[in-house]
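Note sheet for the following structure.
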Amino acid sequence: MSEYVCLEGVKLGEGVRLSKFINLYGCDIGDETRIGAFVEIQKNAKIGSRCKISSHTFICEGVTIEDNVFVGHGVVFVNDSYPRSTTPAGTLQTESDWQAEPTLIKKGASIGSGTTILSNVIVGENAIVGAGSTVTKDVPANAIVAGNPARLLRYIESEMRLA
């Protein structure tokens, strides 16, 4: 491993390809997945097999990405609906003061570059999220969504489906 890669408590599948300048800790990465440069994947995140995680992406605790998912450049996942720096008593929050909220990206989905995906969201199987979108609610399977907030544009034709 390169001095530019941090792999702390990571479970790597067979044939995983890692770029330089990444930070992975306490996460699971499935077989044949590729991770680009300047990616952070936090503890308790799970990435499936044959995924492509493009550069400058942040995948936080609580995110599960199933098999065959494409994540574009600069995608940000959020795991807290009401983030705060301090407790009601005014002390700096610690890990024990909050719980990561889940996000699920189903198999075959594609997430466009520059997208933000909020917590408590499910992106359905084979769905496509357009670049620059903000996903605030569930995306149906085989749907194409885009915008801020992301809105349904149409459904994918059956011959284009990957699963």
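Amide H contacts for Ala141 (H built 1.01 Å from N in the peptide plane; partners 5 or more residues away or on another chain; cut-off under 5 Å): Gly124, Glu125.
Under the rule a/c < 1.5 gives rounded, and otherwise a/b versus b/c splits prolate from oblate, where does region 58-123 land using the Cα gyration tensor? Could you put the intermediate results ahead of the total?
On the way: a/c = 3.36, a/b = 2.36, b/c = 1.42.
It is prolate, given that a/c is not under 1.5 and a/b is the larger ratio.
Amide H contacts under 5 Å for Val69: Cys51, Lys52, Gly108, restricted to partners 5 or more places along the chain or on a different chain, H placed in the peptide plane at 1.01 Å from N. In loop segments of region 70-163 as defined by DSSP, the GluC sites (Glu not before Pro) with at most 12 further C-beta atoms inside 10 Å of their C-beta are Glu157.
Using a probe radius of 1.4 Å on heavy atoms only, what accessible surface per residue do you get for the chain? Whole Å² is fine. Could you put the intermediate results ahead of the total?
Numbers: 8720 Å² over 163 residues.
Per-residue accessible area for the chain comes out at 54 Å².
For Val121, the amide hydrogen comes within under 5 Å of the amide hydrogens of Leu104, counting only partners 5 or more places away or on other chains and with H modelled in the peptide plane.
The GluC sites (Glu not before Pro) of region 1-91 that DSSP puts in a loop, and whose beta carbon has at most 10 other beta carbons within 10 Å, are Glu3, Glu14.
The stretch between Lys52 and Lys137, if pulled fully straight at 0.36 nm per residue, gains 28.3 nm over its current Cα-Cα span.
Pairs of Lys residues in the chain are counted when their Cα atoms are under 14 angstrom apart and they lie 8 or more places apart or on different chains; the count is 6.
The values are calculated or read from the model by the stated rules, or taken from the named source; none is laboratory data. All values derive from a computational prediction rather than experimental measurement. When we count neighbours, we look across all protein chains shown, and the Cβ atoms used for this are built from the backbone with ideal geometry, even at glycine. What goes into the accessible areas is simple: the full protein's heavy atoms, side chains included, and nothing from ligands, DNA or RNA. Shrake-Rupley method; radii C 1.70, N 1.55, O 1.52, S 1.80 Å.
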